[in-house]
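The numbers here are math on the coordinates, done by the rules we state, and not lab data. Note that the structure is a prediction, hence the values are computed from the model and not measured. Glycine gets a Cβ as well: all are built from the backbone with ideal geometry, and neighbour counts include every protein chain shown.
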Amino acid sequence: MLGINATHITNRTVSDPTLPHACSVTTQTDGSAVVTFNTVDNGANCSTASVRSGQVTSAVGVTFGLELATDPDSKATFQRQPKGDWCSLNKVGVLKTYVAKSPSVADSTAALAACEAFCATSASCTVCSVDEIDQTTGLCQWSALPACGTVNHFAGSIVGDVSYKTLGGVATITMSGPADVWFGVGIDAKLMSDAPYTLLVNSSMVWEQKIGTCGSEAEHCPGSTLAKSITVVANSVSDGVRTVKMTRPFAGATPQHYTFGNAKVGGGLCTEPSPNGGRTHTPQRTRKQAWSCGAARSCPAPPGEPSAPPHQAHTLRALHCVCNAEAPPGTLSHSNCHC
């Protein structure tokens, strides 16, 4: 999960109706953070700050930081998620509910649309979630919520059982990793075969790639290079670590480009487990994942350069390669990858 960028974290448990229910995080002026667990069931709603951020470092030393600065004057749009999702906080801090007239797709979609219309005008609303109110008939309602929590799964009603509100804005992405290799972060994926939108960095460039676009061969396919949508702000090296800062709009330039949402900052980094002392957790976690890797069984190379040959089958789950992008074209091989 994307974590809180803090010098240290203090935990506390309270019973305070002025604070949000369950877990919340408050950053302090000295760079630290306080994680609060509130036992009050009906606490205050979380704030709707226009800037949200998180950061995490993977087990192979690749750091991914994300800051989402929302434009409050932009028009809200909605990202309808696959059928069968539902928010764990669908009964917490509910702003308004819309009951479908019947379990039909048409009536369910109408209830969802009504929820979205309300949510678009509410500064406190970030998501609409399904809530099954009659398991016998399958009748559902959609609730406008300040936060989704964990995304759970059921048989499903319609596409859009969960629908995230997204406003326009600018995503600022900071990535750092070993300066003598290329490295990358793939967003919204647990496996290479999930075909993530991926940002890849080497000494001379940053490029965007859609990983795993080869059908049944997806789990070891370097994928396709995407049209550039990022603006590189800085690319520097210090003590053997390359740090790149870039920006891009929330909305993806094409369906293959990831669309960031202000309700989905709590993403994740799909890595091998790190020591407990190195992990941080954030509230309102979603199932959105990020994948820190150069490749699974073959390595995507910069545009115009060959990809690495396939790895052996036993390396299929080695999802933390960082691959040498400085090797001359045609020389990338398994020995250039360090997993």
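One chain, two ends: Gln135 and Ser204. Fully extended at 0.36 nm per residue, the span grows by 19.2 nm beyond their Cα-Cα distance.
Asn11 to Asp41: FRET efficiency via 1/(1 + (r/R0)^6), r the Cβ-Cβ distance, R0 22 Å, to the nearest 0.05? Computed FRET efficiency for Asn11 and Asp41 comes out at 0.65.
To the nearest µm²/s, what D does Stokes-Einstein give for segment 160-225 at 25 °C and 0.890 mPa s, using the Kirkwood radius over alpha carbon pairs as Rh?
Numbers: Rh = 13.7 Å.
In µm²/s, the coefficient rounds to 179.
Note on Lys190 and Ser124: with the Förster distance fixed at 25 Å, the Cβ-Cβ geometry gives a FRET efficiency of about 0.20.
Placing +1 on each Lys and Arg Cβ and -1 on each Asp and Glu Cβ, with no other charges, gives segment 77-166 a dipole about its Cα centre of roughly 180 debye.
May I ask which of Lys91/Lys165; Lys165/Lys190; Lys101/Lys165; Lys75/Lys190; Lys96/Lys165; Lys165/Lys245 have a Cα-Cα span longer than 21 Å here? Where the Cα-Cα span goes over 21 Å, the pairs concerned are Lys165/Lys190; Lys101/Lys165; Lys75/Lys190; Lys165/Lys245. Note that segment 171-187 has calculated 3J(HN,Hα) couplings of 9, 9, 10, 10, 10, 9, x, x, 6, 9, 9, 8, 8, x, 10, x, 9 Hz, one per residue in order, obtained from phi through the Karplus relation 6.51 cos²θ - 1.76 cosθ + 1.60 (θ = phi - 60°); glycine and proline are x. With Cα atoms as the point set, the radius of gyration and Dmax of segment 1-153 evaluate to 17.8, 54 Å. If one puts a single equal scatterer on every Cα of segment 77-166 and applies the Debye formula without solvent, what log₁₀ I(q)/I(0) results at q = 0.18, 0.19 Å⁻¹? The Cα Debye sum returns log10 ratios of -0.63, -0.71.
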